[in-house]
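Heads up, the thing below is written out as C-alpha cells.
Readers should treat all values here as calculations from the given coordinates under stated rules, not as data from a laboratory. Keep in mind that this is a model prediction, so the values were computed, not measured. When we count neighbours, we look across all protein chains shown, and the Cβ atoms used for this are built from the backbone with ideal geometry, even at glycine.
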Amino acid sequence: MQIQLAKGIFLKATSLLNDTYFEGAIIYIIEYNQQGAMGFVINSPFHRKFNELLEFLDCPPYTLYEGGPVGVDNLYFLHKKPNLIKGGELVADNVYYGGDFSMTIQLMMMKTINESEFRLYIGYCGWEAGQLESEIEEGSWEEYKDYQLFN
C-alpha cells in the first residue's frame, strides 16, 4: 500500500522494527518537505511527569512523552489552542506545533489548558531527505489511520 507522506499523518512501526527503539511506536508527522521529515512518538509516556523536572517543580503533573531519540535535551509540544498559545505552527486538523512556551507554562499553572488539548515531548524523530521513504519502502512503517492525538 502506498503511503502519501504529509504533515499530520500517523505511522505505525511494523514487526521489522521489533527490538529497536521504535518497537510498537506510533509516530505523528509534524513536518515533511524536501529536506526530510520530523515527528514525535506519541504512545510512549516518559517515566517522569513534567513537574518532576527540576525547572518545572511548581507546574502541574502533566504526562511527558518520549518523542524520539533526537534532541532529548529539549522539550517540544503540540496543542489545540492557537487562540491562547501564540506562535504555534499549524500541522493539520487544528493541531499546532510549538509556540510561546512561557505563556504555555502560565496557562498550565492557571489550569486554562489541560492534557486533552496539550502534549509535551522530550526529543523528536527526524529523517533526512529520502530516509523515511526508504524505511517505508522496506516495510518498516505503515500508515495508521483514524488515530486521535487529543481526546
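Below is a table of values for the structure above.
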quantity: Under-5 Å amide H pairs with residue 88, H placed in peptide plane, nonlocal only; calculated: 100
quantity: ³J(HN,Hα), Karplus 6.51/-1.76/1.60, whole Hz, each residue of segment 36-43, x for Gly, Pro; calculated: x, 9, 9, x, 10, 6, 9, 10
quantity: 10 Å beta-carbon shell around residue 59, net charge (K/R +1, D/E -1); calculated: -2
quantity: Amide proton proximity set for residue 14, modelled H, under 5 Å, gap of 5+; calculated: 141, 142
quantity: Exposure proxy order (Cβ contacts within 10 Å, fewest to most) of 14, 20; calculated: 20, 14
quantity: C-alpha center-to-center spacing [segment 98-117, segment 123-137] in angstrom; calculated: 30
quantity: Distance in nm between pseudo-label sites at residue 18 and residue 53 (7 Å out along the Cβ direction from Cα); calculated: 3.4
quantity: Residues in segment 54-74 that a label on residue 109 would reach, taking backbone N under 15 Å of a point 7 Å out along Cα→Cβ; calculated: 55-61
quantity: Per DSSP, loop chymotrypsin sites (Phe, Trp or Tyr not before Pro) in segment 35-132 with at most 12 further Cβ within 10 Å; calculated: none
quantity: Calculated FRET efficiency for the pair residue 73/residue 133, C-beta based, R₀ 30 Å, to 0.05; calculated: 0.60
quantity: Positive-end residue of 39, 75, 21, charge dipole of the chain with Cβ unit charges; calculated: 75
